[in-house]
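Read the figures in this text as sums done on the coordinates, not as results from a lab. Since this is a predicted model, take the numbers as computed values, not measurements. With ideal geometry, Cβ positions are generated from the backbone for all residues, glycine too; neighbour counts draw on all protein chains shown.
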Ligand SMILES: Cc1ncc(COP(=O)(O)O)c(C=O)c1O
């Protein structure tokens with residue numbers, strides 16, 4: 001039986017600020033403290049407004065913030081209730097959680113294992129390295145740090161090494177995003193990023209992108225109300241494959257500078273991107289956090305990424321991390337260092353970069369010949385416009401091909417249908433694949449599902 005929260009005041013809600021965010025903060029605090037429990041019904045907006053002496057519009061806006069983060073849910077006649085707590089990766093699970101029965105599973109978004117560098121040379125260098133360090137060693141292997149400083153898109157003040165890009169973004173959002181803060185993201189974007197931001201209680205605001213990156217006009221509009229951060233993928237954007245041009249990057253930097261926000265850059269493709277590394281840090285270093293993952297280029301199970309930013313921000317994140325994990329294994333850092341400097345793995349990563357580009361281009365060219373235009377120029381995925389997502393997915397599945405639905409990537413409502421295809425995983429027969437994708441793109445739509 002659902003119990004009802006009788007009055008606002010008996011719960012001791014007293015918003016510290018008479019705003020929608022203040023109300024949302026108070027409710028989320030009550031949920032955290034257990035005063036409000038999953039399933040409890042919230043009183044009608046008008047009665048809460050009367051008791052808190054706020055306008056119904058403010059309460060309603062507070063409810064919207066809470067609903068966005070999943071803290072409450074509105075369910076027709078049952079009214080508004082405190083939501084059950086779910087582990088926070090709903091979109092990602094929707095996009096990825098399937099048993100793979102496909103002959104060719106192109107839904108994964110992961111690198112081709114045969115294009116990852118061979119570890120043996122890097123592992124040999126470990127045998128001559130010093131014995132494992134202890135708690136008091138530098139958190140970042142100094143030679144790796146020196147190498148990163150040389151090979152970075154802007155002269156960053158401070159660096160750290162973390163356990164992958166998602167770990168970096170998780171730590172950054174914990175440090176910078178408070179409940180109800182607005183965070184601007186590209187539309188579409190990687191579902192796990194959206195899950196993470198929503199789990200942090202962010203009010204996620206989508207800004208569309210074209211072939212040069214995020215659109216400046218809509219970004220300026222989104223930042224006319226203050227936002228804690230703007231999250232961008234500077235190159236090989238997942239899912240579209242778009243990379244920021246220098247002109248666009250500079251425009252975005254001007255807008256973010258004026259708004260006083262911070263840009264978080266997620267360079268997940270790293271060294272397998274053909275586009276040069278780029279960062280808004282070249283213009284606004286004090287407002288930039290730049291993250292480079294080594295998962296796609298050197299192996300997801302290395303689980304390493306480098307992050308740069310202003311000294312104050314990085315140092316605060318590093319010292320907070322000391323309360324828990326402390327640092328990313330220096331063993332793994334040394335393996336990565338070997339992979340970044342030894343001739344053979346460097347050549348293997350260069351080959352992977354070219355091979356991914358060849359695979360992507362072959363499918364895109366064959367699709368264009370079949371009247372299907374796909375944008376972007378980089379990375380392992382393509383973002384294909386389709387008449388009907390479900391019909392396209394079912395049709396390809398019946399041919400043994402797994403692809404990802406577009407919906408979990410979208411932020412703005414009423415987006416046209418898409419599928420994401422990890423063409424980087426396909427070594428041969430690109431024309432045949434393109435033919436099947438082209439047909440699937442028309443399935444279920446006005447062309448009649450042929
Ligand atoms: C945009 C984006 N960010 C982050 C990640 C994950 O990076 P990591 O393995 O370094 O956590 C991915 C993986 O597909 C990605 O596409």
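Some notes on this structure:
- Helix axis angle, 389-398 relative to the chain longest principal axis, alpha carbon, degrees: 40
- Remark: 203, 267 ranked as 203, 267, counting other beta-carbon atoms within 10 Å and listing the fewest first.
- Per-residue packing, averaged as other Cβ atoms within 10 Å, sorts the ranges 306-313, 254-261, 145-152, 239-246 into the order 239-246, 306-313, 254-261, 145-152, beginning with the highest.
- Order of 41, 251 under a 10 Å beta carbon neighbour criterion, fewest first: 41, 251
- Ordering of 379-387, 422-430, 53-61 by packing is 379-387, 422-430, 53-61, highest average first (other Cβ atoms within 10 Å, averaged per residue).
- Once the Cα atoms are used to define both axes, helix 343-369 deviates from the longest principal axis of the chain by about 70 degrees.
- Contact order normalised by residue count of the chain, Cα under 8 Å, 6+ apart, percent: 18
- To the nearest ten degrees, helix 165-176 and the longest principal axis of the Cα atoms of the chain are 30 degrees apart.
- Protection proxy ranking, peptides 18-25, 288-295, average beta carbon neighbours within 10 Å, highest first: 288-295, 18-25
- The chain: C-alpha gyration tensor shape, a/c 1.5 cut-off, then a/b vs b/c: oblate
- By the helix-only formula, in which each DSSP H run with n ≥ 4 contributes -39500 (n - 2.57) and the sum is divided by residues, the chain has a 222 nm mean residue ellipticity of -12000 deg cm²/dmol.
- Taking every DSSP bridge with both residues inside the stretch 127-341, close to 40 percent are antiparallel.
- Order of 356, 135 - criterion: other Cβ atoms within 10 Å of each residue's Cβ, fewest first: 135, 356
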